[in-house]
1. Would you mention how many residues in segment 237-269 are open to solvent by less than 10 Å² (accessible area, probe 1.4 Å) and of a type in the set (Val, Ile, Thr)?
2. Let me spell it out: the conditions are (1) within 19 Å of Trp147 (Cβ to Cβ); (2) more than 19 Å from the chain's Cα centre (by Cα); (3) in contact (Cβ under 8 Å) with a residue 60 or more places away in the chain, and Ile174 meets all of them except one. Which number is the exception?
3. In this structure, is Asp214 free of Cβ contacts under 8 Å to residues at least 12 places away in the same chain and charged (D, E, K, R)?
4. Restricting to segment 46-70, give me the number of residues that are basic (Lys, Arg) and assigned to a helix (DSSP H, G or I).
5. List the helices (runs of 4 or more DSSP H) inside segment 170-242, counting only whole elements, that have at least 2 residues being among the basic types (Lys, Arg) and at pLDDT 95 or above.
6. Checking Arg211 against (1) within 30 Å of Met125 (Cα to Cα); (2) of a type in the set (Lys, Arg); (3) open to solvent by 10 Å² or more (accessible area, probe 1.4 Å), only one condition comes out false. Which one?
7. List the residue pairs whose Cβ atoms are under 7 Å apart, where the first residue sits in segment 261-273 and is farther than 13 Å from Glu227 by Cα and at pLDDT below 95, the second is open to solvent by less than 60 Å² (accessible area, probe 1.4 Å) and assigned to a helix (DSSP H, G or I), and the two are 6 or more positions apart or on different chains.
Amino acid sequence: MRLGISTSLNCSSANEWAETLAKNGLKSVVFPLDCNAPSDKIDEYVKAAADNDLVIAEVGIWRNAIAMDSAEREANLEYSIKQLQLADYIGAKCCVNVAGAMGTRWDGGYKENYSDEAWKRTVHMIQEVIDSAKPKNAFFTIESMPWMIPSSPEDYLRLIDDVNRDEFSVHLDIINMINCPERYFMHEEFLEHTFELLGPQIKSCHMKDIRLLDDYTFQLRECPCGEGVFNLEKYVELADKVNPEMPMIIEHLTSDEQYFESVRYVKNRLGGV
């Protein structure tokens, strides 16, 4: 695997950013600029990553491109297209977004997220982004989520079939799909099942942990690696079988030092990878 972190770091230059990541033993990155950045600055970061053997794993979108409000939806769709074009230009493995929510919160859980209308909007949105951006190298992906499309590997397979575009593939956040007791307590079996169905399509993965709270009713909480029950070793083993260079991105920590502390923990636990 190629371990990475999702923070852009508190750095003053592209070289400092890349050198800091490499010095801490990292091999992949989430690109820290978006499509609105000056082209010369984008080029600086691409070169700095290449000079330090850092694979650009992801370009993020993180906007609701199936939003209920038409103006918001169109603006987010345009941004998605430009972000995919950026990913293609810089040689990123994938451009990633969530499918989007049928409510006021851009990544929120709603009953309508599971409607036929949400499914149709999602399929059409993905097709429009790909057909407009026309990527030749980067893949467009949707991050698996606990309360929106796709929340299971079977959902993802159906989505791939319905989108019917070679440029659409898989971004795997397995923790986001652990959303019920069966998947939590038998997460190793769920891991195997997910990689069996989606393995060849996976372009990048997120890495974190999960634990069950003691309170009623059933409540799960995402947590940093090592603070939950998740079998990181099995996760990496299965990802490596798909691609020994698979990007594995640690995310959702609050400071650079927390990220580097987590990197040290993961590398130590996995034998210095």
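1. Here the count works out to 4.
2. (2)
3. yes
4. Matching residues across segment 46-70 total 1.
5. In segment 170-242, 232-242 are the helices (runs of 4 or more DSSP H) which contain 2 or more residues that are among the basic types (Lys, Arg) and at pLDDT 95 or above.
6. (1)
7. Val273/Lys267
The values are calculated or read from the model by the stated rules, or taken from the named source; none is laboratory data. Remember, predicted model here, so these are calculated numbers, not experimental data. Positions of Cβ are generated from backbone atoms using ideal geometry, with glycine treated the same way; all protein chains shown enter the neighbour counts. What goes into the accessible areas is simple: the full protein's heavy atoms, side chains included, and nothing from ligands, DNA or RNA. Shrake-Rupley method; radii C 1.70, N 1.55, O 1.52, S 1.80 Å.
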